[in-house]
There are 2 protein chains.
Amino acid sequence: MDVDIGNALDSVATPGVPRSYLERLDGRVADAHERIAAGMADGEFGHAALNLPETCDPGAIRAAVEPLADAETVLTVGIGGSALGAATLTDALADGDAHYLDNVDPAHTEDLLDSLDLESTAVNVVSRSGTTAETLANFLVVREAYEAAGVDWTERTLVTTGEDGNLRELADAHGLPALDVPSGVPGRFSVLSTVGLAPAAILGVDVEGVLAGARAERDSLAGSLFETPAYAYGALAYALDERGASANVMMPYHESMETYAEWYAQLHAESLGKDGLGQTPVRALGATDQHSQLQLYRAGPNDKVVTFVRARETPDVAIPSADLDGLDYLDGATLGGLRDAEFEATEASLADVGLPTLRVEIERADAESLGGLLYGMEAATVLAGELYDVETFVQPAVEWGKEVARGILRGEEALPEKETLRVARE
Amino acid sequence: MDVDIGNALDSVATPGVPRSYLERLDGRVADAHERIAAGMADGEFGHAALNLPETCDPGAIRAAVEPLADAETVLTVGIGGSALGAATLTDALADGDAHYLDNVDPAHTEDLLDSLDLESTAVNVVSRSGTTAETLANFLVVREAYEAAGVDWTERTLVTTGEDGNLRELADAHGLPALDVPSGVPGRFSVLSTVGLAPAAILGVDVEGVLAGARAERDSLAGSLFETPAYAYGALAYALDERGASANVMMPYHESMETYAEWYAQLHAESLGKDGLGQTPVRALGATDQHSQLQLYRAGPNDKVVTFVRARETPDVAIPSADLDGLDYLDGATLGGLRDAEFEATEASLADVGLPTLRVEIERADAESLGGLLYGMEAATVLAGELYDVETFVQPAVEWGKEVARGILRGEEALPEKETLRVARE
């Protein structure tokens, strides 16, 4: 990926970052890069994710999913990092039908199962521990649906899990194809592993290309933000937050990359949201959100940075000429040309009011470019974690609620008393 | 809808609102209600939206869509308010297949058209002016696809537009069924009109029920936030923003309401994002985002308010008992029970750290309850606009970029010079 940080400099934006500050910050980036490189070399927890382009074996994934190669549909049962990376890849790259049970919602689970032809659907159940409540609950319901439909679920199920635990035992007991969740890799950093790649592989995505693109991005990591696009992105997000950009808007200009923005929102929020720090990630989509959020971005508080993402080369479609008035500017135009004009005009319209923006570009919306982008944003996040000085790879704050929810289900008095002031309709 | 504001009081949250302040604010709410009621009585621009439960005629919608009643799929071509309200209703309530071309993306438009059986697809093109660039460009491409497939588009197309303009002339020339965009109603407030209801009506949604629910909510509007759920919501969002909650997270706990959160984000951002004011709306989804955003909400900066939304009664699905270890707490549980336990635990986990939250509840995830919720959030936004003292119903900041984009397409030198500092891979 390439990053243009021009519109985030203080010559354009408020908040904006002075070039002189960036030159000083670059010393901290060099130190952070040394720590990151050392962590990678030692395969440390979390840093191991940045080695996945080398350590992930696409051949093992292809071999494990081979019994499911005839599936037309893949239903992944997982939540959070066990679903979002895979969904990012299949939504952007797969032609086939990928579905995700990544919520606990009876109506949705039932409707989705009713709509699927289970005979031609592969199930991919993903949980490192084998005890994730939402995932296991959904999987039990899915298994029952297969039984009710007279389809042998053991012929249709792939398990992606840790070395031991419930799902591993289940796989062993029934001889299911099984993949290992990589060790030392938090869920939100697992897109370039078995967790992210298996559903894509079943649906024919070029997973080798994804890894090759990530490898090229990894090879670009160097000790300066002025030489490393990923570090330029991470350093600018940090420096803008320091100056008041408390929201971080991720706005790809490709419908197929809508899920990428959601993936980034998890990566950013769960990695950096701690110790009272962390920007609020906001998912957006160009050009659609020009008709929804742009009014706020341009005329609201200057408390955000907007990241525009686009592929430089995409397929295009000519706009047929029309017998309609007032559309002269569409004469001879294409949908891609219109999109690009709006991309540049929207970027300029925020520069015009001094809202900081960053421009991220990839070559194409293909496997290699997307692999590079995903790796780059992971490296950007790890760098930002070093600059914030937080523990990037843990997520302790989600445990409290999980414990209370389990207590409620066990019938214990787990909930503290709630302050209530209810306003109801007469 | 009902609103519980207990967890946003300063006895729980920081930022939080003192009860004594709310009592003083209630005087401003009473004044604002008088202005809103007067605006409604006079059918003023914008306020006319709050009269739609009375002024919108579902019979006229049903009559107009009757020629398309056999369609299995509805493809709406529109952007922003011309798509989001309709998508909110069809995603939540329709069994049939609704698609939206609400972006300008050649790959997506082409893929979607390739995947549809045009013979059984109704096209609903929506633009008040008939010159919206993205919508008209897509419509021209859609029309050509029908011609290429040998399907008569004039037999399959519904037009929803203003009294005159391109699309009106097209409808007249070809005898197309046509509906009027209501006058005095900005796009983001048009869900309870022809614009939002027509695609839902084609797909068999109980649009009369949606309007009845909205009417009941309208009848609840009174001059006090302590008596009016909609005003309680709008006043608290405003009062929390004043105290530092610069992000507004809308988090329904139903997969079918994911689009509702997107609709709300447009309503809120475009109505209140002006004069340097306005919270940043953030779309979220429970329980999924507990595994993505909760770490940040609980451990990051206290600069946000989270709104939890749920229906009190929903269908449920039993979780089959399992032969798996560590899942004792799921014994005898249901997917709905698990979801509700997580809802309450997550709410408690944010109260535990003093992050302000609001709880919005509706009876069911059905037409009437959803109609009430949508109307309530519109009234909440209008009330907040009065408290912020901004012009709620206009969106002047989006014009600059539109003009520049048109200039680029015309080949003019429309873009100002851009500051560039590009970091590229070696």
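The values are calculated or read from the model by the stated rules, or taken from the named source; none is laboratory data. Computed from a predicted structure; not experimentally measured. Cβ coordinates were reconstructed from backbone atoms using ideal geometry, including for glycine residues, and neighbour counts include every protein chain displayed.
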**Prompt:** Of the numbered conditions (1) surrounded by fewer than 19 Cβ atoms within 10 Å (Cβ to Cβ); (2) in contact (Cβ under 8 Å) with a residue 40 or more places away in the chain; (3) not β-branched (Val, Ile, Thr), B:ASP331 satisfies every one except a single condition; which is it?
**Reply:** (2)
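Rundown of residues vs (1) assigned to a helix (DSSP H, G or I); (2) more than 30 Å from A:LYS304 (Cα to Cα); (3) at the interface with chain A (Cβ under 9 Å from one of its Cβ atoms), yes/no style:
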site	(1), (2), (3)
B:GLU144	yes, yes, yes
B:THR160	no, yes, no
B:LEU167	yes, yes, yes
B:ASP172	yes, yes, no
B:GLY204	no, yes, no
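On the given criteria, is B:GLY371 over 14 Å from B:ASN7 (Cβ atoms) and either crowded, with 21+ Cβ neighbours inside 10 Å or among the hydroxyl-bearing types (Ser, Thr, Tyr) (or both)?
Spelling it out, B:GLY371 is indeed over 14 Å from B:ASN7 (Cβ atoms) and either crowded, with 21+ Cβ neighbours inside 10 Å or among the hydroxyl-bearing types (Ser, Thr, Tyr) (or both).
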**Request:** Could you check how many residues of the stretch A:251-275 are under 16 Å from A:PHE393 (Cα atoms) and not aliphatic (A, V, I, L, M)?
**Result:** 9
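Rundown of residues vs (1) surrounded by fewer than 21 Cβ atoms within 10 Å (Cβ to Cβ); (2) in contact (Cβ under 8 Å) with a residue 40 or more places away in the chain; (3) not assigned by TED's automatic domain parsing to the domain that holds B:ALA122, yes/no style:
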position	(1), (2), (3)
B:VAL151	yes, no, no
B:GLY162	yes, no, no
B:GLY196	no, yes, no
B:ASP219	yes, no, yes
B:SER224	yes, yes, yes
B:PRO229	no, yes, yes
**Message:** Against the condition of a type in the set (A, V, I, L, M, F, W, C), away from chain A (no Cβ under 12 Å), farther than 20 Å from B:ALA178 by Cα and free of Cβ contacts under 8 Å to residues at least 12 places away in the same chain, how does B:ALA63 come out, does it pass?
**Reply:** no
**Fill in**
Counting only residues in the stretch A:94-104 that are in a loop (DSSP other than H, G, I, E, B) and of a type outside the set (Asp, Glu), the one surrounded by the fewest Cβ atoms within 10 Å (Cβ to Cβ) is identified as A:GLY96
**Message:** Please pick out the residue among B:ARG19, B:ARG35 that is among the basic types (Lys, Arg), within 28 Å of B:ARG218 (Cβ to Cβ) and in contact with a Leu (Cβ under 8 Å, 6 or more places away or on another chain).
**Reply:** B:ARG19
**Asked** Of the residues B:THR131, B:THR135, which is under 19 Å from A:ASP328 (Cα atoms), in contact with a Ser or Thr (Cβ under 8 Å, 6 or more places away or on another chain) and hydroxyl-bearing (Ser, Thr, Tyr)?
**Response** B:THR135
**Asked** So, of the residues in the stretch A:285-299 that are crowded, with 24+ Cβ neighbours inside 10 Å and in a loop (DSSP other than H, G, I, E, B), which turns out to be farthest from the other protein chains (Cβ to nearest Cβ)?
**Response** A:GLY286
**Selection from the stretch B:242-263 of residues that are more than 24 Å from B:ALA287 (Cα to Cα) and either buried (at least 24 other Cβ atoms within 10 Å of the Cβ) or among the small types (Gly, Ala, Ser) (or both)** = B:GLY244
**Request:** Would you be able to say whether some residue in the stretch B:232-240 is on the phi < 0 side of the Ramachandran plot, crowded, with 21+ Cβ neighbours inside 10 Å and among the aromatic types (Phe, Trp, Tyr)?
**Result:** yes
**Request:** Keeping to the stretch A:300-314, report how many residues are facing chain B (nearest Cβ under 7 Å) and modelled with pLDDT of 95 or more.
**Result:** 4
**Request:** Tell me which of these B:ALA318 doesn't satisfy, since it passes every other one: (1) surrounded by fewer than 19 Cβ atoms within 10 Å (Cβ to Cβ); (2) free of Cβ contacts under 8 Å to residues at least 12 places away in the same chain.
**Result:** (2)
**Asked** Picking from A:LEU330, A:LEU335, which residue would you name as being modelled with pLDDT of 95 or more and among the hydrophobic types (A, V, I, L, M, F, W, C)?
**Response** A:LEU335
**Request:** Residues that are at the interface with another protein chain (Cβ under 7 Å from one of its Cβ atoms): find the helices (runs of 4 or more DSSP H) completely inside the stretch B:322-426 holding 2 or more of those.
**Result:** B:335-352, B:399-409
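Could you please find all residues in the stretch A:249-284 being of a type in the set (S, T, N, Q) and at the interface with chain B (Cβ under 10 Å from one of its Cβ atoms)?
Hits for the stretch A:249-284 are A:SER256, A:GLN266, A:SER271, A:GLN279, A:THR280.
Does A:GLY150 fit the bill of being among the small types (Gly, Ala, Ser), more than 12 Å from every other protein chain (Cβ to nearest Cβ) and farther than 22 Å from A:ALA201 by Cα?
yes
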